[in-house]
Amino acid sequence: MNVTKKVYFMTGAFVNSNSWDQWKSYIESVGYHVVIPIWPTKEGTTKILKDKHPDPQLGALTFNELLCFYSELIKQETEKPIAIGHSIGGLIVQLLLQKNLLSIGVAIHSVPPQGVVTFHFSFFKSLWKPFGFFKSKYTPHLMSLEEWQYAFTNNMSLYEQKESYDKFLIPESRRIIRELFIKPAKVNFNKKKQPLLFVAGSNDNLMPASLNFLNYKKYKNSISVTDYKEFEGVNHFVLCGKHWEQTADYIINWIKQHEN
C-alpha cells in the first residue's frame, strides 16, 4: 500500500465537516493522508454558521458550483486520490468517478443521481421541509431538533440527539437540495469507471437502504467494479453514530482490496 495515498472526505448536507473528525484520525492511523475540503460559504464553527442563518451566500450556493469546487480541487492532484463521501458527498463521489478524477470511490448513505427514485415515505418526510415547496429557493433551511431526530438520529437517545444537534447540525442551501433532481446530478451508469462501494444502513430514514440498493443496481451493466454493503441498525448519522468504526473498518478493508 502507498502510505501517502490521499483520501478526500466529501461532507454531506446539513452537517459541519467536523463530523469526519473521528474518521480522519482513524484512517490516517492506517497510513493514508486525509483531506477534508470545506464547502464554499461553510467556513467556521457550527455555532458561527447557525448564528449567520439565514446566510444569503449559502442560499445562493448551487449543486453545480459545489461539484465544480470539488472537481477543481482534485484536478490539482498529481495522483488520483481516493474519495469517501457521505449523503450528497456520496453523489459527488459518483460524479467525480464519472469524470475519471478518482482512483477509488466510496458512497456512504448516498443521495441518488437524477433518475433514481423512491416512493419510500421516510425519504419524502425527511426532505419535505428542506425542499421548501412554498419558500424561496434562496433561503437556506435550518432543521429543527424534531427534523434532525427523524432524518439523522432516529433510534438514538434524546441526550445523543440533542448533543449531536448542537455539535454538528448547520443550515443548508435549498438550491442544492432542489437541484439534486436535475441534470448536474446525472450519472452515465454504463460508463467505465474506477471501483465504487455503496454503504447503506437499515435504519436510515433520509436515504433508505432500498434507495441506495437501487442506485447500486443501476450500475449492473457496467464492466467496472461496483459493490454494496448494508449495515443493520445504522441511521443516517453513520459518521458519528455508535457503529462508525464498524463501517470505517469495512471501508478501509474494501479499499485495500481494490487499490492498484
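The values are calculated or read from the model by the stated rules, or taken from the named source; none is laboratory data. Nothing here was measured: the structure is a model prediction, and the numbers come from that model. Cβ placement follows ideal geometry from the backbone for every residue including glycine, while neighbour counts extend to all protein chains displayed. Side chains included, ligands, DNA and RNA excluded: accessible areas come from the protein's heavy atoms. Shrake-Rupley method; radii C 1.70, N 1.55, O 1.52, S 1.80 Å.
Listing for the model above:
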read-out: Estimated inter-spin distance, residue 158 and residue 22, nm [label 7 Å along Cα→Cβ]; value: 2.3
read-out: The stretch 1-96: Rg to Rh, with Rh as the Kirkwood radius over Cα pairs; value: 0.98
read-out: Solvent-accessible area per residue, Å², over the stretch 177-250 with all protein chains present [probe radius 1.4 Å]; value: 47
read-out: Helix-only CD estimate at 222 nm, as mean residue ellipticity for the chain, using -39500 (n - 2.57) per DSSP H run (n ≥ 4); value: -11000 deg cm²/dmol
read-out: Percent carbon-and-sulfur accessible area, the chain, ignoring ligands, DNA and RNA, probe 1.4 Å; value: 54
read-out: Förster radius 30 Å - calculated FRET efficiency between residue 119 and residue 48 (Cβ-Cβ, nearest 0.05); value: 0.20
read-out: Cα shape, the stretch 1-52, gyration tensor, a/c 1.5 rule; value: prolate
read-out: Per residue value of the accessible surface for the stretch 123-175 (all protein chains in place, 1.4 Å probe), Å²; value: 53
read-out: Cα-Cα P(r), the stretch 122-260, percent of pairs per 5 Å interval; value: 2, 9, 15, 17, 19, 17, 12, 7, 2, 0
read-out: Antiparallel DSSP beta bridges within the chain, as percent of all bridges there, nearest 5; value: 10
read-out: Degrees between helix 158-168 axis and first principal axis of the chain (Cα, 0 to 90, nearest 10); value: 70
read-out: Per-peptide average of other Cβ atoms within 10 Å, ordering 252-258, 98-104 highest first; value: 98-104, 252-258
read-out: Base-10 log of normalised Debye intensity for the chain (one unit scatterer per alpha-carbon) at q = 0.08, 0.09, 0.13 Å⁻¹; value: -0.28, -0.35, -0.78
read-out: Per residue value of the accessible surface for the stretch 50-115 (all protein chains in place, 1.4 Å probe), Å²; value: 34
read-out: Cα long-axis angle, helix 244-258 against the chain (0 to 90 degrees, to the nearest 10); value: 30
read-out: Given charges at Cβ of Lys, Arg, Asp, Glu: the stretch 1-133 dipole, positive-most of 32, 13, 117; value: 117
read-out: Sparse-neighbour loop sites [chymotrypsin sites (Phe, Trp or Tyr not before Pro); the stretch 90-161; at most 12 other C-beta within 10 Å; DSSP]; value: 119, 133, 134
read-out: Rounded tilt (10° steps) of 63-75 against the dominant C-alpha axis of the chain; value: 30
read-out: Relative contact order (percent, whole number), the stretch 177-247, Cα cutoff 8 Å, 6+ residue spacing; value: 35
read-out: Shape category assigned to the stretch 198-260 from the gyration tensor of Cα positions, a/c cut at 1.5; value: oblate
